[in-house]
Amino acid sequence: MTPSPDHIRTTVEAYLGRHPGERHLLQPLFSALAGEEHPAHRKTFPAHVTCSAIVLDDADRVLHIRHNATGKALAPGGHNEPGDRDLVNAALRELAEETGISSDAVVPIQGFETVPLDIDVHAIDANPAKGEPAHQHVDFRFVFQLTAQHTVTLQTEEVSGYEWRSFQETASPTVRAKLALLSDSARS
């Protein structure tokens, strides 16, 4: 079963405990949580939950992959699946699927074991081929430290390349700002 609405609600409230000024930005999520449809289901419109893994290497660089669908360099991530027991595991599954980096090759940054570093709401264009209207993804972005050297093995159906970027070059401005706030003592 995909992560439950109660789990999603608890996770977002813990996040808002750290970032109370972002509550208004997450209105699409609160609307999805109040709706009849499951907020983590990929066919829930006009907004649904996705999960991403922000992965840091030992040189404090952030893994970015180039998604074929958008052409953008983003963190590994995507939709929740029926086997995902919670949001963190959805992010770890997506990381493994898209990059070949398994969950035992990373550890959550201390203090972020169950709370995302960032939650982003972004627009997704309509995809008539999939029968999807324009909608929004509410992306829960969890942060992990790579614990050992690991070769990135791309899932070429969805991903066409990868790169490691410095904190200052992280694609997402909100992730960039929140990474800059992490103290060295917060990371394992």
Checklist (1) surrounded by 14 or more Cβ atoms within 10 Å (Cβ to Cβ); (2) farther than 18 Å from Ser172 by Cβ applied to Leu56, failing item: (2)
Residues of the range 49-69 that turn out to be within 10 Å of Phe144 (Cα to Cα) and of a type in the set (D, E, K, R), as a count: 1
Residues that are more than 27 Å from Asp60 (Cβ to Cβ), in a loop (DSSP other than H, G, I, E, B) and open to solvent by less than 80 Å² (accessible area, probe 1.4 Å), drawn from the range 120-157: Ala126, Gly131, Pro133, Ala134
Subset of the range 1-51 (residues that are hydroxyl-bearing (Ser, Thr, Tyr) and open to solvent by 40 Å² or more (accessible area, probe 1.4 Å)): Ser4, Thr10, Ser31
Qualifying residue in the range 60-75 (condition: open to solvent by less than 40 Å² (accessible area, probe 1.4 Å) and within 20 Å of Thr10 (Cβ to Cβ)): no
Options Ala129, Ala90; residue that is over 15 Å from the mean Cα position of the chain (by Cα) and of a type in the set (A, V, I, L, M): Ala129
Of the criteria (1) open to solvent by 60 Å² or more (accessible area, probe 1.4 Å); (2) of a type outside the set (A, V, I, L, M, F, W, C); (3) over 21 Å from Glu163 (Cα atoms); (4) in contact with a strand residue (DSSP E or B) (Cβ under 6 Å, 6 or more places away or on another chain), which one His79 fails: (1)
Some residue of the range 97-108 being of a type in the set (Ser, Thr, Tyr), open to solvent by less than 40 Å² (accessible area, probe 1.4 Å), in contact (Cβ under 8 Å) with a residue 40 or more places away in the chain and farther than 25 Å from Ala171 by Cα: no
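The values are calculated or read from the model by the stated rules, or taken from the named source; none is laboratory data. In this text the structure is predicted, and so the values were computed from the model without any measurement. Please note: Cβ atoms are built from the backbone with ideal geometry, for glycine as well, and neighbour counts cover all protein chains shown. Ligands, DNA and RNA are stripped out before the accessible areas are found, and what is left, the full protein with its side chains, is counted by its heavy atoms. Shrake-Rupley method; radii C 1.70, N 1.55, O 1.52, S 1.80 Å.
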